Each structure stands twice: as structure tokens, then as C-alpha cells.
1. Can you work out ³J(HN,Hα) from phi for every residue in the stretch 278-289, in order, using Karplus 6.51 cos²θ - 1.76 cosθ + 1.60 and θ = phi - 60°, giving whole Hz and x for Gly and Pro?
2. Straight distance only, please: which lysines reach the Cα of LYS126 with their own Cα at less than 18 Å, same-chain residues fewer than 8 apart left out?
3. Give the order of CYS132, CYS262 when sorted by the count of other beta carbons within 10 angstrom, beginning with the fewest.
4. Quick one: putting +1 on the C-beta of Lys and Arg, -1 on the C-beta of Asp and Glu, what dipole do you get for the stretch 279-345 around its Cα centre, in Debye to the nearest 20?
5. Less than 18 Å from a label point 7 Å out along the Cα-to-Cβ axis of LYS123: which backbone N atoms in the stretch 320-345 qualify, by residue?
6. Can you give me the long-range amide H partners of ALA219? Hydrogens built in the peptide plane at 1.01 Å from N, cutoff under 5 Å, separation of 5 or more residues or another chain.
7. List every residue whose amide H lies under 5 Å from the amide H of GLU148, counting only residues 5 or more places away in sequence or on a different chain, with H placed 1.01 Å from N in the peptide plane.
8. Take each of the peptides 142-154, 52-64, 164-176, average the number of other beta-carbon atoms within 10 Å over its residues, and list them starting from the highest.
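Here, each number is a calculation from the coordinates, and none is a lab measurement. None of these values were measured; they are calculated from a predicted model. Here the Cβ positions follow ideal geometry from the backbone for every residue, glycine too, while neighbour counts run over all protein chains shown.
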Amino acid sequence: MKTTIAPSSLTSLPHRTNLSLRSSSLLFRSPSSMTTTTTSRGNMAVAAAAATSTEALRKGIAEFYNETSGLWEEIWGDHMHHGFYEPDSSVQLSDSGHRDAQIRMIEESLRFAGVTDEEEEKKIKKIVDVGCGIGGSSRYLASKFGAESIGITLSPVQAKRANDLAAAQSLSNKVSFQVADALDQPFEDGKFDLVWSMESGEHMPDKAKFVKELVRVAAPGGRIIIVTWCHRNLSAGEKALQPWEQDLLDKICKTFYLPAWCSTDDYVHLLESHSLQDIKCADWSENVAPFWPAVIRTALTWKGLVSLLRSGMKSIKGALTMPLMIEGYKKGVIKFGIITCKKPL
Ligand code: SAH
């Protein structure tokens, strides 16, 4: 099988989905791996274009979160991720109900990964929160486990806000946040007992490098938890999503600064290539179904609309894209996935 990474579209539109075939070894071929294999001038131009597009994506993500995080916090608090709901729950939940659902997402993720009893909890002393937002997960997990947590984000505004919130909650001795790239983490090998990535994987332009970094910084015996937006698994013999599915994802990518999406199967293959233990995944799409409709409802309140207008174009575009997320879930193109594993001792 071959990959069809398209350098020209990478240059012009960094957040588009550019990968269309599913060979697990080649699917996530990255701009950086292209750099190392260049021999001709043409290839060098391709490598330079790919590097530029990755840089443009990083910049776009940073600016997106610089601009939109304040609005999100004002309306939804410090967890910038989906809530976990009982399937078919038809209750109209209050705001606090949705916030509880976001905490439930953290708890369910830990449970799925097997962090279920005191013995397991005691093993977690150091956590890295990869793509930390304004630090909601880090503060929650550090308090729960009495552990230390370091969060990384591309957004300087988020890192500052996360540190300010930690100080306000007297947690600065336990948690800290900095601007750093998940694909090139400023940490030594084997440092963390829990490697946590809550809804950041979808932003990573090179999933193989992302997974490699998560595995590298995990301590022997440490757990890795990736909760992320995926596209549906391809069926046997299928080489790519349908064109209409791809179009839908492309529109979402454009607003939310996302590169190529992959499936939970793809993540599992990547983890398998690192000889990890207890590799497990699940599709939680049904459990998150009430989330986007709730976000849209809050955006349509008077307070929501005023805050949206104040926040700027990126937030407005984000709000206008939300119905596409609902459509993606309803049509089965978008899947909300959890993938976990353990690094061998
Ligand atoms: N995990 C947080 C925030 C999710 S929003 C929460 O659940 O509240 C996505 C986050 O991923 C943002 O903080 C964004 O800056 C971060 N992110 C995206 N790409 C990144 C990268 N390459 N390196 C580090 N952080 C990244």
C-alpha cells in the first residue's frame, strides 16, 4: 500500500486532511521523516514546504486557543473537553450537570485504563498533561493522586492562565504549565507514571511522532491515556473515507486547526509497533452525544452570543462549525475514541 501525502496541499492548506490510505507503516509519514530522506533539490523543496506547513499549523493552533480559551472558560469552566454521559440520556442537564459530565470523562478514562484502586492510584506520582488547555485535567489529577503534574500547550495565553489558576488554588507546588510541543517534549525519557492526552491528539500533524513521544516520556510500568477525535475505522478492503466524509472532515479541520485525522485502529497499530502492554480502545461516541448540542445551546443564549461577539472571528467560526461535529457523529464519520496502554516494566 502507498501513502498519498500531498505536499502541495500541505503547503497551501496545513489543516486539511492529506492522508488517504491506511498502511499503518506509512499512513503517518511525517514532514520530518520527509526531511531526513531528501536527496534531490525537488525533494528538499517538498521538505521545506512541509516544515513550513507544520509551523503554520502550530501557529494557527496557538492563536486559536489564545483567542478562544477565555470564552470557553467563562461559559464552560476549565475543562476544554467533551462530557461523558449515559447513552440515550434524555435529561436536560443543567450547566453543573455538564461540568459533572466532564469530570466523569476523566474518571471513566482512568477506569478504562485500569486505574481503579488505591494500589494503582498510589503508583502515580508524576503526570504529564499533553495538550493541557488551561490545566483542568492537571489540577484535578494532581489533587486526586497527590501527584505532580506538568502540562504543555502551544498557547502562551493558556499556559499563563493555567499557572494563575494553579496559584489561586494553592497548587503551584504540585502543577505547572509551559509552552512546549507535544511532538518534541522537553522531558527526559521515562519520567512520567501517567501520560495523559485529553483531546489534543486530533491536532497532531504526525501521529507516529506523537505516539513515539508519549511512549518515550512514559516511565516503565507507566500508563498512557489518549482520548481523542477520530474518524471511523475503515472496513477491510476500504482504502479511504468516502469523498463526502472527507469533505465534512476538511471543513471541520479548517476551523479547528486540525491536520489529518486517523482512526482508533490506526492508533492501536501505532501502539502495537512499540510493544506496549494492555492496549485497549473503545468508541465512546454515544457517551458524548449530548455534548455539542449543549455547547450550541449555551452559545445561543444572550450571554453566549455577547461573549462570542466579543471573543472574535475564530470563536464565531468555531461556533458555526459545531453543527458539523454533530452531523459527523450522527453519520458515523466522527468517532470519539479512547486508547490506552501500559509501558512494560
Ligand atoms: N486537554 C485539555 C485541552 C484540550 S484543547 C482539556 O481537556 O481541557 C487542545 C489542547 O491541545 C490545547 O491546549 C492546544 O494548545 C494543545 N495542543 C495542540 N497541539 C499541540 C502540540 N503540538 N503540542 C502541545 N500542545 C498542543
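1. Values, residue by residue: 6, 6, 9, 9, 8, 9, 9, 3, 5, 6, 9, 3 Hz.
2. LYS144, LYS174, LYS191, LYS342, LYS343
3. Fewest to most other Cβ atoms nearby, the residues stand as CYS262, CYS132.
4. Dipole size: approximately 220 debye.
5. 339-345
6. LYS191, PHE192, ASP193
7. LYS126, ILE127
8. Highest to lowest by the protection proxy: 142-154, 52-64, 164-176.
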